[in-house]
1. Assuming residue 210 fulfils every condition listed in (1) on the phi > 0 side of the Ramachandran plot; (2) surrounded by fewer than 20 Cβ atoms within 10 Å (Cβ to Cβ) apart from one, which condition is it?
2. Among the candidates 24, 92, which residue alone is in the same structural domain as residue 145 (by TED's automatic domain parsing) and either surrounded by fewer than 14 Cβ atoms within 10 Å (Cβ to Cβ) or of a type in the set (Ser, Thr, Tyr) (or both)?
3. Among 263, 226, 219, which is in the same structural domain as residue 312 (by TED's automatic domain parsing) and either touching a helix residue (DSSP H, G or I) at 6+ places or on another chain (Cβ under 6 Å) or of a type in the set (Gly, Ala, Ser) (or both)?
4. Hey, residue 28 hits all of (1) modelled with pLDDT of 95 or more; (2) farther than 22 Å from residue 175 by Cα but one; which does it fall short on?
5. Cβ contacts < 7 Å: first residue under 15 Å from residue 248 (Cβ atoms), restricted to region 326-354; second residue aromatic (Phe, Trp, Tyr), any location; separation 6+ or different chain. Result?
6. Restricting attention to helices (runs of 4 or more DSSP H) lying wholly within region 161-227, give those where 2 or more residues are closer than 30 Å to residue 150 by Cβ.
7. Tally time: how many residues in region 98-149 are in contact (Cβ under 8 Å) with a residue 24 or more places away in the chain, among the charged types (D, E, K, R), buried (at least 17 other Cβ atoms within 10 Å of the Cβ) and more than 19 Å from residue 168 (Cα to Cα)?
8. Suppose we keep only residues that are assigned to a strand (DSSP E or B), of a type in the set (Gly, Ala, Ser) and closer than 19 Å to residue 240 by Cβ within region 307-357. Which one would you say is nearest to the chain's Cα centre (by Cα)?
Amino acid sequence: MESVTKRYPDGTVAVDQLSLDIPDRAITVLVGPSGCGKTTTLRMINRMVEPSDGSILIDGMDIRQQPVNTLRRSMGYVIQNAGLFQHRTILDNIATVPRLLGWSKQEARARAAELMERVGLDATLAKRYPYQLSGGQQQRVGVARALAADPPVLLMDEPFSAVDPVVRKGLQDELLRIQDELGKTIVFVTHDIDEAVKLGTMVAVLRTGGRLAQFSPPAELLSAPADSFVEDFLGADRGIRRLSFFPSGRLELQTAPIVGIDADAAKIASRAEAPYLLVTDLDGKPLGWSEPERLTAGAIDRDQLIDHGRPFLPGTDSLRTALDGSVLSPTGWAVAVDGQGRAVGVVSQQVIGEAIRAAHGQVAQDLGVKAAR
């Protein structure tokens with residue numbers, strides 16, 4: 001996008017001199033307050049809205065050099081509430097664009113069935129109609145329909161904003177999984193900074209009036225906001241969000257405070273110096289915490305245990321997840337588990353805090369090196 005402007009007849013400027021180099025095979029998120037031109041920018045990419053000035057090029061070719069219908073059919077487009085055809089079955093909704101491109105009904109439906117599986121939709125839903133599906137299922141259909149003709153570019157306009165938080169998280173995770181498999185060039189519009197940080201390879205923060213405030217990877221956005229506007233938009237808890245980019249793999253875990261539910265008196269006594277012991281079941285999965293003196297060898301009462309909070313997977317989850325686990329635990333200790341949910345260690349808030357400070361120091365050092373270059 002080269003100096004793209006959208007000016008309406010009444011003089012309103014929705015997008016003002018916007019220049020962006022959107023990377024290939026990555027997710028670029030447009031985020032900002034209401035009236036910042038996010039959706040207008042997205043719609044100019046497929047010419048649903050025509051720019052007043054400037055140029056938009058895809059792989060070096062100006063989008064105005066091809067017929068508008070050809071351009072739009074070369075891009076997937078997903079909107080809020082999916083925008084499905086209510087009189088068509090799920091299978092035929094997904095097959096819409098391939099049919100418009102001249103595919104046979106058999107080919108289009110075969111592609112639709114393949115995509116239902118890819119986006120996590122059960123094959124039994126194929127002959128149902130949109131009104132028979134939940135909101136989350138409808139959004140999955142919308143994503144499948146946008147992918148049906150295998151477009152290189154996918155435009156997504158607040159596609160998950162109308163569903164509840166649990167479904168939204170699932171849809172975000174599904175999009176990341178699909179993107180990892182397919183590697184599309186995705187432009188994603190949202191007003192939710194948490195969604196932008198989670199999904200974006202690059203994040204463009206727009207000001208009211210359609211001016212670019214900052215364009216950078218999420219980790220850099222959170223660590224070095226360009227100005228007070230970006231800092232205020234990110235919110236007071238941007239430091240917590242930033243922890244999502246710090247790995248937990250180097251946390252020093254302790255195994256001594258862990259005992260099995262069948263532990264004998266000698267084992268419990270050998271761990272008595274710890275203020276709390278984590279009790280696991282016979283498979284090694286965490287059950288809860290207890291003060292050592294409250295444990296009865298060979299007859300540990302599960303109902304007397306203190307909640308162990310939310311476990312984390314070291315090396316997979318971030319320091320934010322580990323810190324969250326320690327905060328949720330009344331003992332102040334987070335529980336680390338392996339892929340099967342078995343406890344592999346525990347870590348205190350103090351150790352997590354030291355790891356956070358070390359990570360901040362490394363980032364500062366890396367930024368210093370970058371600035372010197």
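The values are calculated or read from the model by the stated rules, or taken from the named source; none is laboratory data. Predicted model, so just to flag it, every value in this text is computed and none were measured. Backbone-built Cβ (ideal geometry, glycine too); neighbour counts: all protein chains shown.
1. Every listed condition holds for residue 210 apart from (2).
2. Result of the check over 24, 92: 24.
3. 263
4. Single failed check for residue 28: (2).
5. Short answer, once both residue conditions are applied: 326/333; 333/276; 334/312; 336/312; 346/333; 347/333; 348/333.
6. 165-182, 193-199
7. 1
8. 318
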